[in-house]
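Q: Right, I'll just put the structure down here and ask away after.
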Amino acid sequence: MSFAATVLTLYPEMFPGPLGISLAGKALANGLWSLDVRNIRDSATDRHRSVDDTPAGGGPGMVLRADVLGRAIDEASPPEDARPRLLMSPRGRPLTQALVRDLAAGPGATVICGRFEGVDQRVIDRRGLIEVSIGDYVLSGGELAAMVLIDAVVRLIPGVMGKESSGTEESFSDGLLEYPHYTRPAEWEGEAIPDVLVSGDHGRVARWRREQSLALTRERRPDLAAALPAERPKARGDR
Ligand code: SAM
C-alpha cells in the first residue's frame, strides 16, 4: 500500500465522493491507495453526542471540542503512526505542488476536516496538527479541502497516472505554469495549430514549450517567476 489516507470528519457520507471516480477512484479500487473515513462524532461521550461548544471569550459560532477531536485523533492515529496529521484550515500553510509531492512520497496522512468557527487550539498544539490551506477563501467545512489535497496527492502515486511523465511536465513541477496544448483538428474556426508543433523537430518543440511556459508564468504569476533560479548564461558553443 503506497498511501494510506485517514479522514476525520463530521460528514463521513461526503466520502469518497469525487475521490471514488475517475483516476483516483480507479486507483482506490486497484489498491494503490486506501481511504479510511471516520466520524468525529463517534468520539463524543455525552448522551447528545455533542462535538462543539461556544467559544471561550464570546463571539459568534461554535468551536470543535478538544476532548472529542483529541479522542478521535488518538484512535485513528496513535503515537507510533508515522503519518503526518493535517488539519484543513484557511490559516494553514498553502497547499503547493511541493507539499503534495512530499506527501505522495510518504506513507499517507491523517486529514482532519474542521467545521464551525474552527478547532480548539489545544488539540492543534498537543496533537501536532499541521494546518494546511487550499487557498485564500473560506469554505464551510474542511471536507472539500481534504478531497482537493488527497486528489492532488493520489495522482502522483506511481502507477496512478498512465504515463509517469504526466506528473513531471505539469504546472508547478518545475516552478513554471504549463505551456498551451493543441490536438486535432489541425485547423478549427480558421485557427491552425502552431507550425512548430507539427514540425516533427522535438528540440524546437521543447524550446517553444519552455518559452511559452516562461512567458505565461511571467504574465500570470509574477510571484512564481520571481522565485525561478537565474538562467545560466550561455557558454560559447551552447545552442
Ligand atoms: N473561522 C475560520 C477562519 O476564519 O479562519 C473559518 C472556519 S470554516 C467556516 C470551517 C472549516 O472549514 C475550517 O475549520 C477548515 O477545516 C475548513 N476550511 C475553510 N476554508 C478552508 C481553506 N481555505 N482551506 C482549508 N480548509 C478550509
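The values are calculated or read from the model by the stated rules, or taken from the named source; none is laboratory data. Every value quoted in this text rests on a predicted model; they were computed, and no experiment measured them. Virtual Cβ from ideal backbone geometry, glycine too; neighbours counted across all protein chains shown.
Q: Give Asp125, Asp102, Asp120, Asp136 a once-over and let me know the one that is assigned by TED's automatic domain parsing to the domain that holds Ile21, under 14 Å from the mean Cα position of the chain (by Cα) and acidic (Asp, Glu).
A: One residue alone meets the criteria, Asp102.
Q: Identify all residues within segment 87-104 that are basic (Lys, Arg) and closer than 24 Å to Val123 by Cα; write none if there are none.
A: Arg91, Arg93, listed by residue number.
Q: Within segment 161-198, restricting attention to residues that are modelled with pLDDT under 95 and in a helix (DSSP H, G or I), which residue is surrounded by the most Cβ atoms within 10 Å (Cβ to Cβ)?
A: Gly167
Q: Looking at segment 110-117, is at least one residue in contact with a Gly (Cβ under 9 Å, 6 or more places away or on another chain), aromatic (Phe, Trp, Tyr) and either more than 13 Å from the ligand (Cβ to nearest atom) or modelled with pLDDT of 95 or more (or both)?
A: The answer is yes, given that some residue of segment 110-117 is in contact with a Gly (Cβ under 9 Å, 6 or more places away or on another chain), aromatic (Phe, Trp, Tyr) and either more than 13 Å from the ligand (Cβ to nearest atom) or modelled with pLDDT of 95 or more (or both).
Q: Right, here's the next one. Scan Ala225, Ala146, Ala215 and give me the residue that is within 16 Å of the ligand (Cβ to nearest atom), of a type in the set (Gly, Ala, Ser), surrounded by 12 or more Cβ atoms within 10 Å (Cβ to Cβ) and in a helix (DSSP H, G or I).
A: Just a single option satisfies the conditions, and that option is Ala146.
Q: Within segment 127-143, track down each residue that is in contact (Cβ under 8 Å) with a residue 60 or more places away in the chain and either more than 6 Å from the ligand (Cβ to nearest atom) or in a helix (DSSP H, G or I) (or both).
A: The one that is in contact (Cβ under 8 Å) with a residue 60 or more places away in the chain and either more than 6 Å from the ligand (Cβ to nearest atom) or in a helix (DSSP H, G or I) (or both): Glu143.
Q: So for segment 28-39 (the condition being assigned to a strand (DSSP E or B), within 14 Å of the ligand (Cβ to nearest atom) and either of a type in the set (D, E, K, R) or surrounded by 18 or more Cβ atoms within 10 Å (Cβ to Cβ) (or both)), does at least one residue qualify?
A: Checked against the condition, which is being assigned to a strand (DSSP E or B), within 14 Å of the ligand (Cβ to nearest atom) and either of a type in the set (D, E, K, R) or surrounded by 18 or more Cβ atoms within 10 Å (Cβ to Cβ) (or both), segment 28-39 yields no hits at all.
Q: Mind telling me which of the residues Pro94, Pro84, Pro107, Pro79 ends up being near the ligand (Cβ under 10 Å from one of its atoms), over 26 Å from Ala56 (Cβ atoms) and of a type outside the set (Asp, Glu)?
A: Of Pro94, Pro84, Pro107, Pro79, the one residue that is near the ligand (Cβ under 10 Å from one of its atoms), over 26 Å from Ala56 (Cβ atoms) and of a type outside the set (Asp, Glu) is Pro94.
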